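**Student:** Once you've had a glance at the structure underneath, I'll fire off some questions.
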Amino acid sequence: MTVAASGKLRQVAYDILNEQTRLLSWQQGGKVPQEQFDSWLAEAEGLYSIGNIKVDEAFLAKAPKLKVIAQASVGYDNIDIAACSAHGIAVGNTPGVLVDAVADLAYGLILDSARSIARGWRHVESGKWGERKGLGFGVDLAGKTLGIVGLGDIGSAVVPRAQASKMKVIYHNRHRRADEAALGISYAGFDDLLQTADFVLVTVNLTPATAGMFNEEAFAKMKPTARFINISRGRVVETQALYEALRSGQIAYAAIDVVEPEPLPGDHPLLTLSNITVTPHIAASTVETRDAMAKLAAANILAGLAGYPLPAQVKI
Ligand code: DGY
C-alpha cells in the first residue's frame, strides 16, 4: 500500500508508516515540489496531510486511488469532507491528544493579555526597563469573567485553568451543556457573553456558520476593557474588524495564536499595534503532543488502508 505525505513527518509517524507501507514523504523539510507530490498522489492509497494543502475535488482528481486521508491536526477545514465521502475516502483527524497543550496556550494567552508578558519582554529587550510609560499596569484575572465561545473538549479544559485563577466562567455553545453546574459555569447567549465577558476566548471549529462571526458588530458589543483571545482559526475573525477594534480602543487587547492570513506577513497592519500578542499557530506544538498527533494520524492511515473504521474518524 502506498502512502504519500504532504510534508515532513515526525519520526514516530515516519517509522510506523515506513515499516508497514510504501511511504513517499519529503523528509528533508520545506515544501515538497508540486510535480513530485502530484506524481505521488497518482499512486497513493493513503494521504498523510499536515494541513498545508487544500483537499477539494480538483485535488482528489489527482489521487484516484485514495482510500484514506489522515489529517495531522484536530482542525480539518482545509478538507472538503463531503467530496471525500462522495469518493468513498475516509478522513481522520487528531482530537483528544492535543487538548491539554492547546488549553495551556489558551490560558497563557489569557494571562498574557492581562499581564503584558510579551509586551513586557519587548520593553526590556528594547532597553526600556526603567520606563514604565507605555507599558502601564495589567489587570487581575481573579474576579473577572471569562467568556468561552465554543465549549468543546479544548474550551472545557480551559475552565479549570481559569477557575484556578479565580475567574468566573460563562460559555456560549450551539448546545447547552448538561454538565454546566458540575463544571461551575453558566450559559450565555452570544450577545450577552460579548457584553459581559472581560476576556473572550474563541475555541469554535471553523465552519460556514462560524466564519467571520467576530466582525465589526461583535467587537462593538464588547467592553472597552475586553481582552480577545483566539486559538481556533483565523477565519473565525474578520481581521480588518479586529484591527479597527484594537486601533480605536473598542477593545483593550488581543492575544491570538491564529490569524487570517497565515503566515502573517511581517508588514501586516496588525503588527503596527501595541495592544496585540500574536503567536505563530503553536497551540499544539509541544514535543509530546506532536508525537501523539503523529501516532494517531499514522494509526488512522493504517486502519483506513485495512478497511477498518479509523480510531479518530471525521463524521459527515
Ligand atoms: C489543530 O490541530 O487543528 C491545531 O490548530 C494544529 O496546530
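**Student:** Just the residues that are of a type in the set (Gly, Ala, Ser) and within 15 Å of the ligand (Cβ to nearest atom), please, taken from the stretch 226-261.
**Tutor:** Residues satisfying the conditions are 232, 234.
**Student:** Restricting attention to the stretch 272-316, and to residues there that are touching a strand residue (DSSP E or B) at 6+ places or on another chain (Cβ under 6 Å), in a helix (DSSP H, G or I) and closer than 16 Å to residue 51 by Cα, which single residue is farthest from the ligand (Cβ to nearest atom)?
**Tutor:** Only one residue fits best here, namely 301.
**Student:** Still on this structure: With 267, 291 as the choices, which residue is in the same structural domain as residue 242 (by TED's automatic domain parsing) and among the charged types (D, E, K, R)?
**Tutor:** Unique residue meeting the criteria: 267.
**Student:** When you look at residue 121, is it free of Cβ contacts under 8 Å to residues at least 60 places away in the same chain and in a helix (DSSP H, G or I), yes or no?
**Tutor:** Yes: the conditions hold for residue 121.
**Student:** Still on this structure: Kindly provide the set of residues from the stretch 106-123 that are within 16 Å of the ligand (Cβ to nearest atom) and small (Gly, Ala, Ser), ordered by number.
**Tutor:** 106, 108
**Student:** Follow-up question, since we're still on this one. For the structure I just gave you, tell me whether residue 114 is under 23 Å from residue 252 (Cβ atoms), of a type outside the set (Phe, Trp, Tyr) and surrounded by 19 or more Cβ atoms within 10 Å (Cβ to Cβ).
**Tutor:** Yes.
**Student:** Now, a different point. What's the number of the only condition in (1) in contact (Cβ under 8 Å) with a residue 12 or more places away in the chain; (2) more than 16 Å from the ligand (Cβ to nearest atom) that residue 265 fails to meet?
**Tutor:** The number of the failed condition is (1).
**Student:** Also, quick follow-up: If you check 90, 44, 103, 70, which single one turns out to be within 16 Å of the ligand (Cβ to nearest atom) and in contact with a strand residue (DSSP E or B) (Cβ under 7 Å, 6 or more places away or on another chain)?
**Tutor:** The unique qualifying residue is 70.
**Student:** Can you give me the number of residues within the stretch 253-276 that are out of contact with any helix residue (DSSP H, G or I) (no Cβ under 8 Å at 6 or more places or on another chain) and of a type in the set (A, V, I, L, M, F, W, C)?
**Tutor:** The total comes to 1.
**Student:** Also: Against the definition (in the same structural domain as residue 116 (by TED's automatic domain parsing), assigned to a strand (DSSP E or B), crowded, with 18+ Cβ neighbours inside 10 Å and within 16 Å of the ligand (Cβ to nearest atom)), how does residue 206 come out, yes or no?
**Tutor:** No: the conditions fail for residue 206.
**Student:** Also, quick follow-up: Scan the stretch 227-267 for residues that are assigned to a loop (DSSP other than H, G, I, E, B), aliphatic (A, V, I, L, M), farther than 17 Å from residue 118 by Cα and over 13 Å from the mean Cα position of the chain (by Cα) and jot them down.
**Tutor:** 251, 264
**Student:** Then there's this: Test of understanding: among 238, 217, which residue is modelled with pLDDT of 95 or more, surrounded by fewer than 23 Cβ atoms within 10 Å (Cβ to Cβ) and either β-branched (Val, Ile, Thr) or touching an Asp or Glu at 6+ places or on another chain (Cβ under 8 Å) (or both)?
**Tutor:** Unique residue meeting the criteria: 238.
**Student:** Right, next: Restricting the stretch 149-203 to residues that are among the small types (Gly, Ala, Ser) and assigned to a loop (DSSP other than H, G, I, E, B), which is surrounded by the fewest Cβ atoms within 10 Å (Cβ to Cβ)?
**Tutor:** It comes out as 178.
**Student:** For residues in the stretch 115-158 being more than 23 Å from residue 169 (Cβ to Cβ) and touching a helix residue (DSSP H, G or I) at 6+ places or on another chain (Cβ under 6 Å), which is modelled with the highest pLDDT?
**Tutor:** Here the answer is 118.
**Student:** Just checking, how many residues over the stretch 84-111 are outside any helix (DSSP H, G or I) and not β-branched (Val, Ile, Thr)?
**Tutor:** Qualifying residue count for the region: 8.
The values are calculated or read from the model by the stated rules, or taken from the named source; none is laboratory data. Values in this document were obtained by computation on a predicted structure and should not be read as measured data. Positions of Cβ are backbone-derived with ideal geometry, glycine not excepted, and every protein chain shown enters the neighbour counts.
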